[in-house]
Amino acid sequence: MADLPETLEDWQQTIDSYKTPMDIVWQFSYAISDDKLARLYKRSKQMQWNADEYLDWDIELDPSKPIVEQASGLLKIPLFAKMSQAQRDQFTAHSTAQLLSQFLHGEQGALMTAAALTHAVEDYDAKLFGATQTMDEARHVEVYERYINKLSIVYPLSPWLKKLIDMTLQSGSPAKMMCGMNMVVEGLALGAFHNMHKTTTCPLLKKLTEGVLADEARHVGFGNIYFSSIIKKLHPDDREDVAQFAFEAIKLQVDAQGGPDGKGPREPNPGFLMVLENCNIDPQDFFKAFLESGAGGAFTAKLPPGHIHSFKDLMMPALVRAGAITDRTRALFEAEGIPVHDSLAVLRSMEDVSTGAVAGEIQEDDDLLPNVEAARESSV
Ligand SMILES: [Fe+2]
Ligand SMILES: [Fe+2]
């Protein structure tokens, strides 16, 4: 998107379209390439759910409660102490909608990526799994759109996340698309969904996230099984090319969020500025108070026990394990001050959800989620 529209109404009317160089691959051998992939496809079929039946859409939302901790955490900034409860509730509703809008648009990107990948992968069983992932992502778009519209309004996609998804869709290679989506974007989403499920007090959002999380764990599992297998078969030059793509995808999000320590300049976020405008909060007052509150960098921040750090626990270990970080790009990460984490404990505990701990029905309790702290402790 060249120029960002100025108003929310203009933004919602915008259609962004482009051509991609993606291949279409017919496959006439219907042989299973990997038993693990065939099992994952079988579980995907068993675990499909219908948002009309699975969720109670009549549940009333209460913005006075911390619907999403990441959004309501901003209320701790002293600026909000001077405001009325009604103003704080309004900010909670709008900032939560803005955050969830990133998930909504990200899910649309995932929907298109999964569909494109289904065309482009060579193996029959990967095409079948890609089709189930496409349906999963369609359901995720549906549930976030319905939830956000109950709460407030849909806000624009952050420019950096749009760039990350566009570079993934335009990469022209299944390996890079899986790297961008199943490793980077879905690693980011899986951690955020886990933390949101853990902290939200809204029963509808909790159950919705539980369903999405179970699906996403399979998608990350697909990345582990299939991306790892295709990257191993690449010519070393092509592997370097994928590793370069992984480096650029990670750097893009680190830069957008003020660098590894969060202290550098941040990319402006038009959606969040619209939230402030809709809540009659002066952006200058807000950002001054935000910086004074000592908000830390997203990549080095210490999280409460049981929370997942997407970058440290999921994204980087998944890239290292798959072979998408080479000696050459490890040096590039080091030069940028971006740590290359490689502990697999939390990642494995998330993947266990998709590889056997939960088979068949979606469950309604926390058994769906891995014990992150236990996984961390068992690895030391
Ligand atoms: Fe999704
Ligand atoms: Fe996904």
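The values are calculated or read from the model by the stated rules, or taken from the named source; none is laboratory data. Since the model is a prediction, treat every value here as computed from it, not as a measurement. Ideal geometry is used to build each Cβ from the backbone, glycine not excepted, and the neighbour counts take in all protein chains shown. Please note that ligands, DNA and RNA were not included when accessible areas were found on the heavy atoms of the full protein model with its side chains. Shrake-Rupley method; radii C 1.70, N 1.55, O 1.52, S 1.80 Å.
Please determine whether any residue of region 118-129 is aliphatic (A, V, I, L, M), under 30 Å from A38 (Cβ atoms), in contact with a helix residue (DSSP H, G or I) (Cβ under 9 Å, 6 or more places away or on another chain) and within 16 Å of ligand 1 (Cβ to nearest atom). The answer is no; no qualifying residue exists. Remark: Q244 matches the filter, which requires a residue to be open to solvent by 10 Å² or more (accessible area, probe 1.4 Å) and either under 30 Å from F290 (Cα atoms) or away from ligand 2 (no atom under 16 Å from the Cβ) (or both). Residues that are over 11 Å from the mean Cα position of the chain (by Cα), at pLDDT 95 or above and among the acidic types (D, E): does region 147-167 have at least one? Yes. Looking across K19, K42, one residue alone is farther than 27 Å from P156 by Cα and within 26 Å of the chain's Cα centre (by Cα). It is K42. Out of all the residues in region 18-38, which are without any contact (Cβ under 8 Å) to a residue 60 or more places away in the chain and part of a helix (DSSP H, G or I)? D35, the sole residue that qualifies.
Would you point out which residue out of A116, A120, A97, A138 is in contact (Cβ under 8 Å) with a residue 40 or more places away in the chain and within 16 Å of ligand 2 (Cβ to nearest atom)? Show your work before the answer.
Working: A120 fails: within 16 Å of ligand 2 (Cβ to nearest atom); A97 fails: within 16 Å of ligand 2 (Cβ to nearest atom); A138 fails: in contact (Cβ under 8 Å) with a residue 40 or more places away in the chain.
Of the residues listed, the single one that is in contact (Cβ under 8 Å) with a residue 40 or more places away in the chain and within 16 Å of ligand 2 (Cβ to nearest atom) is A116.
Could you tell me which of the residues E60, E69 is of a type in the set (D, E), over 13 Å from D125 (Cα atoms) and surrounded by 11 or more Cβ atoms within 10 Å (Cβ to Cβ)? Step by step, each of E60, E69 is checked, and only E69 is of a type in the set (D, E), over 13 Å from D125 (Cα atoms) and surrounded by 11 or more Cβ atoms within 10 Å (Cβ to Cβ). I need a count of the residues in region 128-152 that are within 22 Å of Y41 (Cβ to Cβ) and β-branched (V, I, T). The total comes to 3.
Within region 234-261, residues that are in contact (Cβ under 8 Å) with a residue 40 or more places away in the chain and over 27 Å from V121 (Cβ atoms) sit with their Cβ atoms under 7 Å from residues that are assigned to a helix (DSSP H, G or I) and not charged (D, E, K, R), at 6+ positions apart or across chains, in these pairs: A256/W160; P260/V254. Candidates D215, D237: the one that is of a type outside the set (F, W, Y) and within 16 Å of ligand 1 (Cβ to nearest atom) is D215.
For region 176-191, a residue qualifies if it is open to solvent by 10 Å² or more (accessible area, probe 1.4 Å) and away from ligand 2 (no atom under 12 Å from the Cβ), and exactly one does: K176. Kindly check whether there is at least one residue in region 270-280 that is at pLDDT below 90 and surrounded by fewer than 13 Cβ atoms within 10 Å (Cβ to Cβ). Within region 270-280, not a single residue is at pLDDT below 90 and surrounded by fewer than 13 Cβ atoms within 10 Å (Cβ to Cβ). Being more than 30 Å from S229 (Cα to Cα), open to solvent by 60 Å² or more (accessible area, probe 1.4 Å) and out of contact with any strand residue (DSSP E or B) (no Cβ under 9 Å at 6 or more places or on another chain): is that true of A51 here? Here the answer is no, as A51 does not meet what is asked. Checked across region 287-303, the condition of being part of a helix (DSSP H, G or I) and open to solvent by less than 10 Å² (accessible area, probe 1.4 Å) holds for no residue. Among the conditions (1) surrounded by fewer than 18 Cβ atoms within 10 Å (Cβ to Cβ); (2) at pLDDT 90 or above, L319 misses just one, which is (1).
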